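> My questions all concern the structure below.
The values are calculated or read from the model by the stated rules, or taken from the named source; none is laboratory data. In this text, all values refer to a predicted model and were calculated from it rather than measured experimentally. Quick reminder, even Gly has a Cβ in these numbers, built from the backbone with ideal geometry, and neighbours come from all protein chains shown.
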Amino acid sequence: MRTYRALFRVPRVLNITAAQLFARLPLGILSLAVLVHVEHHTGSYAQAGAVVACLTVGEAVAMPATSKLAGRGGRTAPTLVICAVVNGLSMLALAVTTASGLPLMALGLLVGASVPSLMPVVRALYPQMLPRDGVRALFALDTTAQEVIWVVGPVAAMALSTLLSTALPLIVSSVITLAGTAWFLVSARGLRPRGGPRTGTGRRVFARRSVLLAMVAGCALVGSFTALEVGVVAELGRDGMTAGVAIALASVGSVVGGLTWGHRRLGLRGIVAALTVVAVGTALFGATHVLALQFCALFVSGLGFAPAMSALYFTVSQDIDESVATEAFGWLHSAALVGGALGTATAGMATDAYGASGAVAVGTLFAVVAAMSPLAARATGRIGGLVDAEPLARPAVGSPR
């Protein structure tokens, strides 16, 4: 914990990190809030699912483009402000509209496409704020704190929807997006991503093996988690509270893993080990029907999530040219969204065919693919930015460069 306390002594780190995490809180609220609100409004889960799918597609397709725009130093603030305003207004429109069918799907697409690219921007800024070892610790803290979004967000969405109004989570998300984006821009004034040439950036991003590895591993890892969620609901869904606690335990495991190992220099073997822990925990959940053991397995499955993700993000940050960093992180965000959608869809079909064990098998397979991907990537050549493991090292956090 001394490593993380040292981070907060660096000027502006705490303020910037808190601001961007607050602004990203709606990401943990939106999918469930839209699903509940549209179903309540139309009486159709099919329509609600279609709107959520449009939201995800819009975000996955648009994020690399908006990240690329935000990566051009002088356009960072205008891009984030425009996205935040459009995103906030489209959420309000979705909350109050009486339309159904295609207009609702169009609004869902607009909500997703206008999500501010805060995550790519802030992760492009981290190397400007701290020296190398401090950046590693900050990525670990960011990835770990992100788990709080996925724990608090759904709980807040359901509490507001059940106790007050299904429209309220969307209204609250709109306010948080606008206020959080403004807070971030004020906190990060003077810091901007270092823009580069306007052409050929896509080729420069995908020419880096670290980006391709992080996209594949991140896609498979997130897909593993969403598939496991389907399996948990199918296995324990008779009691909604039990299923909710079970899923939260995986996130708690991720927080513990991130705080304990996320700041260490994992190296290739460390990343593979962290991803293997996810695969083992996922498989163990399907191997028992004893609730206490299932809870333990879910906790174990989460332990490797945050350390692996933070190590992959750090590898990209050290390998990629700063002028295309925001676009690179935008692609990583899209890959995670695609993985989540693939995991949910595949696990849903497997559950229909084989029950909860089918979803768990899908989650395990995704996790195995994630664990094998660093080995496959390394076997075909050097991965830039991937450092040798020093598991006992305690990174020193210095002053901003």
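> Would you please list the contacts, defined by Cβ atoms under 9 Å and residues six or more apart or on different chains, that run from a residue in the stretch 278-297 that is in the same structural domain as Gly363 (by TED's automatic domain parsing) to a residue that is at pLDDT below 90 and charged (D, E, K, R)?
Every condition considered, the pairs that remain are Phe285/Glu235; Gly286/Glu235; His289/Glu235; Gln294/Glu235.
> In this structure, does Ser100 turn out to be surrounded by fewer than 17 Cβ atoms within 10 Å (Cβ to Cβ) and out of contact with any helix residue (DSSP H, G or I) (no Cβ under 7 Å at 6 or more places or on another chain)?
Judged against the criteria, Ser100 is not a match.
> Report, by residue number, each residue of the stretch 239-268 that is of a type outside the set (A, V, I, L, M, F, W, C), modelled with pLDDT of 80 or more and farther than 21 Å from Val135 by Cβ.
The answer is Ser251, Gly253.
> For the stretch 145-187, give me the residue count where each residue is surrounded by fewer than 16 Cβ atoms within 10 Å (Cβ to Cβ) and among the hydrophobic types (A, V, I, L, M, F, W, C).
Selection size over the stretch 145-187: 10.
> Given the options Ala308, Ala325, Ala350, name the one that is modelled with pLDDT under 80 and in a helix (DSSP H, G or I).
After ruling out the rest, the residue left standing is Ala325.
> What's the number of the condition Ala106 fails, among (1) surrounded by fewer than 22 Cβ atoms within 10 Å (Cβ to Cβ); (2) under 18 Å from Asn15 (Cβ atoms); (3) modelled with pLDDT of 80 or more?
Result: Ala106 fails condition (2) only.
> Mind telling me which of the residues Val233, Val272 ends up being modelled with pLDDT of 80 or more and either among the hydrophobic types (A, V, I, L, M, F, W, C) or closer than 16 Å to Leu303 by Cα (or both)?
Val272
> Pick from Ala23, Ala33: which is closer than 27 Å to Ala328 by Cα, within 18 Å of the chain's Cα centre (by Cα) and in the same structural domain as Leu168 (by TED's automatic domain parsing)?
Only one candidate qualifies: Ala23.
> Another one. Checking Arg382 against (1) buried (at least 18 other Cβ atoms within 10 Å of the Cβ); (2) modelled with pLDDT under 80; (3) in the same structural domain as Leu228 (by TED's automatic domain parsing); (4) of a type outside the set (Asp, Glu): exactly one of these is not met. Which one?
(1)
> Here's something else I'd like to know. Would you please list the contacts, defined by Cβ atoms under 8 Å and residues six or more apart or on different chains, that run from a residue in the stretch 86-99 that is in the same structural domain as Val111 (by TED's automatic domain parsing) to a residue that is assigned to a loop (DSSP other than H, G, I, E, B) and not basic (Lys, Arg)?
Val86/Ser114; Asn87/Ser114; Asn87/Val115; Asn87/Pro116; Ser90/Ser114; Ala95/Ala167; Val96/Ala167
> Is it the case that some residue within the stretch 281-301 is crowded, with 24+ Cβ neighbours inside 10 Å, of a type in the set (Val, Ile, Thr) and either at pLDDT below 80 or out of contact with any strand residue (DSSP E or B) (no Cβ under 9 Å at 6 or more places or on another chain) (or both)?
Within the stretch 281-301, one or more residues are crowded, with 24+ Cβ neighbours inside 10 Å, of a type in the set (Val, Ile, Thr) and either at pLDDT below 80 or out of contact with any strand residue (DSSP E or B) (no Cβ under 9 Å at 6 or more places or on another chain) (or both).
> Please name all residue pairs, on different chains or six or more residues apart, with Cβ atoms under 8 Å, provided the first residue is in the stretch 158-179 and is assigned by TED's automatic domain parsing to the domain that holds Ala77 and the second residue is among the small types (Gly, Ala, Ser) and modelled with pLDDT of 90 or more.
Cβ pairs passing all conditions: Ser174/Gly88; Val175/Gly88; Thr177/Ala84; Thr177/Gly88; Leu178/Ala84; Leu178/Gly88.
> Now, a different point. Give me the residue from the stretch 345-373 that is touching a Ser or Thr at 6+ places or on another chain (Cβ under 7 Å) and under 17 Å from Ala217 (Cα atoms) and, out of that set, surrounded by the most Cβ atoms within 10 Å (Cβ to Cβ).
Here the residue is Gly363.
> Being of a type in the set (Phe, Trp, Tyr), under 15 Å from Phe225 (Cβ atoms) and surrounded by 21 or more Cβ atoms within 10 Å (Cβ to Cβ): is that true of Phe305 here?
yes
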